[in-house]
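J.: Here it is, the structure in full.
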Amino acid sequence: MELKNAVAVVTGANRGFGRHLAAQLVERGAKVYGAARHPETVDVPGAVPLRLDVTDEASIRQAARVASDTTLLINNAGISTGATLIGGDAAEVRREMETNFFGPLAATRAFAPVIEGNGGGAVLNVLSALSWFHPAGLGSYAASKAAAWALTGATRDELAPRGITVSALHVGYMDTDMAAAVPADQKVAAADVAAQALHGIETGLLEILADETSRHVKQNLAAAPRPNTD
């Protein structure tokens, strides 16, 4: 997909990784809607602020009506609460699933007919190496990203006949607020990951593995589970 003159909606564009994506899309010549719950917080030069709350379907439908020229949807907005699946707060588990799974699903459902009507295009879902690796301490987040990986594969098949490519971006830790507590030497630069993501969209990659962590986890998917002997 050619990004120059594309029309992109980036959710969560007001900070972190989403802001990098929006800025680099503008640099590549795309029209960019920077989507956020509070659009006044979107300060990417050249981007058009767009009100969109991924946990509010009415907000998503209204955003799709406003951004009626969209050809690329990037489902980036997400949260990590640190909740575990057994001992964690059930409300936090639900909130994480609402944001990280049902949010991208609702956005894809709303924008798919828009993208199709504009001649086709693409959807990129920002996932994680934890789509495949599920540590207990991040059980809720991992479950939501695993669900979003399944969403990616199923919608890819469903939307391909409508001229829409659906891709996934997988990465370990990036230098954003979400990973603030992670040592610097374990994180990759968000700007570098954004560049890889956009290159993947341009070249039609269906799965973009942005760092060594995601590549390692993907390569070991066929390994047998190991019991916890602690």
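The values are calculated or read from the model by the stated rules, or taken from the named source; none is laboratory data. Predicted, not measured: the structure shown is a model, and the values here were computed from it. Glycine also receives a Cβ, built like all others from the backbone with ideal geometry; neighbour counts cover every protein chain displayed. Quick note on the areas: whole protein, heavy atoms, side chains included, nothing else; ligands and nucleic acids left out. Shrake-Rupley method; radii C 1.70, N 1.55, O 1.52, S 1.80 Å.
J.: Given the Cα-Cα distance of His134 and His38 and 0.36 nm per residue of separation, how much length would full extension add, in nm? Kindly include the intermediate steps, with their values, before the conclusion.
T.: On the way: separation 96, 0.36 × 96 = 34.56 nm, distance 3.19 nm.
That works out to 31.4 nm of additional length.
J.: How much length is gained on full extension from Arg51 to Asp157, taking 0.36 nm per residue of separation minus their Cα-Cα distance?
T.: On the way: separation 106, 0.36 × 106 = 38.16 nm, distance 2.91 nm.
Using 0.36 nm per residue and subtracting the Cα-Cα distance, I get 35.2 nm.
J.: Per residue, how big is the convex hull around the C-alpha atoms of region 55-137? Give it to me in cubic angstrom, could you? Could the numbers behind the result be given before it?
T.: Numbers: hull volume 7.1 nm³, N = 83.
Taking the convex hull of the Cα positions in region 55-137, it is 86 Å³ per residue.
J.: Which order do peptides 137-146, 123-132 fall in by mean Cβ count within 10 Å, highest first?
T.: Numbers: 137-146: 22.2, 123-132: 24.8.
Listed from highest to lowest mean packing, they are 123-132, 137-146.
J.: Give the accessible surface of region 1-128 per residue, rounded to a whole number of Å², with probe radius 1.4 Å and ligands, DNA and RNA excluded.
T.: Details: 5670 Å² over 128 residues.
For region 1-128, the per-residue accessible area is 44 Å².
J.: Here is a further query. Out of residues 5 or more away from Val32 or on other chains, whose amide H comes under 5 Å of its own, with H placed 1.01 Å from N in the peptide plane?
T.: When sequence neighbours closer than 5 places are left aside, the close amide H contacts are Ala8, Val48.
J.: Then there is this: Could you look at the chain and say what percent of its accessible area is carbon and sulfur, using a 1.4 Å probe and all protein chains? Walk me through the intermediate numbers first.
T.: Numbers: 5880 of 11170 Å².
In the chain, the share of accessible area belonging to carbon and sulfur is 53 percent.
J.: What's the local net charge at Glu57, with K and R +1, D and E -1, over the other residues with C-beta under 15 Å away?
T.: Details: positive: Arg37, Arg51, Arg61, Arg65, Arg109; negative: Asp53, Asp56, Glu98.
With Lys, Arg at +1 and Asp, Glu at -1, the net is +2.
J.: Counting only the heavy atoms of the protein chains, how much of Thr203 is accessible to a 1.4 Å probe, in Å² to the nearest 10?
T.: Its heavy atoms expose roughly 80 Å² to the probe.
J.: Would you mind working out the magnitude of the charge dipole of region 8-118 relative to its Cα centre, with +1 at each Lys and Arg C-beta and -1 at each Asp and Glu C-beta, to the nearest 20 Debye? Write out the running numbers ahead of the final one.
T.: Details: 11 positive and 12 negative charges, 42 e Å.
Computed charge dipole of region 8-118: roughly 200 debye.
J.: Another question, then. Pop a pseudo-label 7 angstrom from the Cα along the beta-carbon direction at both Arg109 and Asp69 and give the gap in nm to one decimal.
T.: So the label points at Arg109 and Asp69 sit 2.8 nm apart.
J.: Rg to Rh for the chain: what is it, with Cα atoms only and Rh by Kirkwood? Display every interim value, and only then the final one.
T.: Working: Rg = 16.9 Å, Rh = 17.7 Å.
Reported Rg/Rh (Cα atoms, Kirkwood Rh): 0.96.
J.: Using a Förster distance of 22 Å, how high is the FRET efficiency between Ala150 and Ala222, based on the Cβ-Cβ distance and rounded to 0.05? Write out the running numbers ahead of the final one.
T.: Numbers: r = 18 Å, r/R0 = 0.81.
For R0 = 22 Å, the calculated efficiency reads 0.80.
J.: Tell me what the chain gives for mean residue ellipticity at 222 nm when only DSSP H runs of n ≥ 4 count, each as -39,500 (n - 2.57), the sum divided by the residue total, rounded to 500 deg cm²/dmol.
T.: Working: 7 runs with 88 residues, N = 230.
So the helix-based figure for the chain works out to -12000 deg cm²/dmol.
J.: Order these peptides, 14-21, 218-225, 93-100, 115-122, by their mean beta-carbon neighbour count within 10 angstrom, highest first.
T.: Details: 14-21: 23.6, 218-225: 8.1, 93-100: 19.6, 115-122: 17.5.
Final packing ranking: 14-21, 93-100, 115-122, 218-225.
J.: Add +1 for every Lys or Arg and -1 for every Asp or Glu among the other residues with Cβ under 14 Å from the Cβ of Trp149, and state the total.
T.: That works out to +1.
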